[in-house]
Every structure is written in structure tokens, then in C-alpha cells.
Amino acid sequence: MSQVRTNARKAAVQALYQWQMTGQTITSIEIQFHEEERLKDCQKSYFAELFHGVPEHLDAIDHALNCFTDRPVDSIDPVERAILRLSVYELLHRLDMPYRVVINEGINLAKYFGADGSHKYVNGILDKVAQQSRATEITMKAAAKNGTVRI
């Protein structure tokens, strides 16, 4: 995965965190990120897709999360919540992105931004969401690995 896309995810997590915590509009936060040149080393189109996509599909994302979290989504640590929402958006809406890449990126974001050990929590939830939302992809990969099906 390219570094500019990873950087877009990092910026999107920061922007989503700000959106969750301040109630500012998506547009005002996005303008601020551009003005402060916080998107300099990012794939700007991917940042925009993630940052607009999460709020646009928030109900479906939170529903997917609520199936596997040990508490209501709104009571999850705000950093972890931003990471989980972004990653679940990718699992649900970016089927071109392999589920393992999405999970790995989510884990790395949690290691980068989250509290000690938060990557384990993020990993556990994303794995369960992937098992449900990407069941066909997971089954095909397992079959290919076992030699029963070629992809």
C-alpha cells in the first residue's frame, strides 16, 4: 500500500476525531486541513472519500460496529472510534481493498494514534466485521490457500 494512501488515512482519522469532538462541519474541517497543509503528503482524493464517506454512511458503519463491540459506539474512546469507523467504511465500501490490508492499516493507525494496547481492541473488532462483511472474500482466500480453488 502506498505511503500517500496511508497518510490520507492518518489525516482522515485526525479529521474524523476533530469532527466527533467539536461538532464542526465536514467542510470547515476540510478547509482547515487544506489551509494548514496537513494533506501535503496525502492522496487528497482518498482523504476526501474517507472523510466524507464516514459521516455519509455513519448509521450503517455504527450498526456494523455495534454488532461486535462490548459497549455502545459512542462510548468507545474517540480515537479508537475514529479509526474503527474509517476502517469499517473501507470494509463496507471499498471492496477493491483487500480486507487484510484494511485490518492491517487499522491496526497501524491504532498503534500510531491510540493508547497502549488499543491496536488489539481494533484488531478484534475489525476481524469480526470483516468475517461478516467480507465472508465471500475470506472463504475464497482460504480455499485458494488450501488448493481447492484458484483465484
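Any read-out appearing in this document is the output of simple, stated calculations on the displayed coordinates, not a laboratory observation. If you're wondering where the values come from, they're calculated on a predicted model, not measured in any experiment. Heads up, the Cβs are rebuilt from the backbone with ideal geometry, glycines too, and the neighbour counts pull from every protein chain shown.
Under the simplified labelling scheme, the residue 97-residue 71 pair shows an inter-label distance of 2.6 nm, with each label point 7 Å from Cα along Cα→Cβ. Candidate cross-link partners of residue 40 among the lysines, defined by an alpha-carbon separation under 16 Å and a same-chain spacing of 8 or more, comprise 10.
Put in order of Cβ neighbour count within 10 Å, fewest first, the listed residues 33, 113 become 113, 33.
For residue 52 and residue 127, the difference between the fully extended length at 0.36 nm per residue and the C-alpha to C-alpha distance is 24.6 nm. Treating cross-link reach as a plain straight distance, find the aspartates and glutamates whose alpha-carbon is under 18 Å from the alpha-carbon of residue 141, omitting any fewer than eight places away in the same chain. Residue 141 reaches 96, 127. Per the Debye formula on identical point scatterers at the alpha carbon atoms of the chain, with no solvent, log10 I(q)/I(0) at q = 0.13, 0.17 Å⁻¹ is -0.57, -0.94. Projecting label points 7 angstrom from Cα along Cα→Cβ for residue 142 and residue 34 puts them 4.5 nm apart.
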